[in-house]
Structures are given as C-alpha cells and as structure tokens.
1. Go ahead and run the numbers for FRET between residue 165 and residue 93, Cβ-Cβ distance against an R0 of 25 Å, rounding to 0.05.
2. Could you check the simple spin-label distance between residue 187 and residue 218, using points 7 Å along Cα→Cβ, in nm with one decimal?
3. Please list, by residue number, everything in the stretch 32-59 whose backbone N is under 13 Å from a paramagnetic label point 7 Å out along Cα→Cβ of residue 79.
4. If I take all pairs of Cα atoms in the chain, what percentage of them are more than 20 Å from each other?
5. Below 8 Å between Cα atoms, with a sequence gap of 6+, how large is the relative contact order for the chain in percent?
6. Could you put 98, 112, 60 in order, starting from the residue whose Cβ has the fewest other Cβ atoms within 10 Å?
7. Could you check the simple spin-label distance between residue 104 and residue 148, using points 7 Å along Cα→Cβ, in nm with one decimal?
8. Considering only the chain, what is the antiparallel percent among its DSSP beta bridges, to the nearest 5?
C-alpha cells in the first residue's frame with residue numbers, strides 16, 4: 001500500500017538488506033566512501049535505505065537527515081543511526097524524493113545513492129533536491145544508469161519490462177545523468193564506469209558517481 005510519503009516493498013527490502021554486506025565488501029562500500037569524501041555541513045540523504053552510507057560520512061559533516069519511505073528499511077537505518085550516535089548526528093524521517101518535507105535552502109548537500117532508479121518521477125526528485133539545497137550547495141550522486149552503448153541499452157530496455165517487479169521498482173535503463181544535466185544543477189564532476197559484483201546485475205552495471213552544484217545567484 002502506498003500513501004503520499006510511504007513506499008512498501010517488504011520482500012525486496014528484506015532481500016536487499018540481507019545481501020547488502022556482501023555488496024559492500026565487493027566494491028560498493030568503496031564507491032560510497034568516494035561519494036561522501038570531503039562532504040561537510042548539514043546533509044540530506046534521499047532514500048537512505050538501511051543506512052549503509054552512514055558509516056562513510058567524514059567528521060566534517062555536522063548532521064545527516066536521512067529520508068526513507070520504506071518502513072522496513074527506515075527501521076534498519078534508525079538502528080544504524082543509533083549505533084553511530086556518538087560519532088555522527090543522524091536523524092531519519094519518513095518521506096519520498098518527489099515531495100521532500102523540508103523548507104527551501106535548508107541543506108549544504110543532498111546525497112542520492114542508488115535511489116533515482118526507483119522513484120516515480122526522477123526529474124521531480126532532482127528538482128526537489130535543488131529546492132532544499134542552499135545556493136552554492138552540492139548534489140552528490142551515485143547511480144546506475146542507461147548505457148551509452150546502443151546494443152547494451154537495447155538489452156536494458158528489454159530487461160526493464162520485468163526488472164522493476166523484482167527490484168523494488170528499480171528501472172535499469174534510466175538516463176539519470178541526462179536528467180541531472182537537464183536540471184538547474186551544474187555538474188562539477190561525473191565519473192562514468194561499469195561495475196557489477198554479480199553476473200545477475202549486469203543490466204545495472206553502467207554507473208555514475210559525481211558532484212553537481214546549485215549555482216549561487218545571489
């Protein structure tokens with residue numbers, strides 16, 4: 001059942017949480033560390049999931065506010081937040097990426113990590129993140145994306161006919177980098193690479209990791 005600020009994927013959430021540790025040691029943990037390295041100030045993380053990013057925020061971060069719509073994953077992230085309470089100020093709230101429960105210009109940085117593949121409207125989600133980030137602030141993104149290879153992207157299109165049903169709403173063929181480029185954010189850096197720690201995850205191997213800036217027009 002879905003309401004305005006909740007998403008329910010109970011089977012996928014448990015499956016994802018169970019496999020997360022293996023994925024972290026297989027390389028995703030290093031990607032998360034790269035994503036968050038040198039981040040600072042007040043951070044909003046959209047779709048914080050089971051709180052895996054929380055372990056990688058540096059000491060320069062003042063506070064992290066995680067937004068998570070899936071109840072099981074939200075409870076997992078709260079457990080991690082409590083585990084790290086002596087090291088990092090973390091708050092976890094219910095919410096969805098397309099309607100963030102914050103005022104304009106609230107955060108120094110927004111973080112999205114393997115999330116924009118599954119939101120209902122990625123363009124609106126990026127617009128919402130732009131709204132709540134302060135002028136001069138950052139969007140840090142780590143996402144799997146549509147391949148630039150015509151042959152591979154055609155495969156992604158075929159696979160995506162069933163992929164969302166097994167992946168908690170994940171779409172393997174979204175041009176997320178294009179969405180960010182078309183938004184009001186200005187891309188500072190974007191590393192494009194292929195990574196899959198399992199052959200079963202080949203459709204989501206094309207990845208991006210980078211930083212975009214909200215221009216300070218004041």
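1. Details: r = 28 Å, r/R0 = 1.12.
After rounding, the FRET efficiency stands at 0.35.
2. 2.8 nm
3. 50-52
4. Values: 13280 of 23653 pairs.
Above the 20 Å cut-off, the chain has 56 percent of its Cα pairs.
5. Details: 444 pairs, mean separation 40.6, N = 218.
Relative contact order, the chain: 19 percent.
6. Numbers: 98 19, 112 24, 60 11.
The order, fewest Cβ neighbours first, is 60, 98, 112.
7. About 3.6 nm separates the two model spin labels.
8. On the way: 16 of 36 bridges.
Here the antiparallel bridges make up roughly 45 percent for the chain.
Values quoted throughout were computed directly from the atomic coordinates according to the rules given, and no laboratory measurement underlies them. Please read these numbers as outputs of a predicted model, since none were measured by experiment. Glycine gets a Cβ as well: all are built from the backbone with ideal geometry, and neighbour counts include every protein chain shown.
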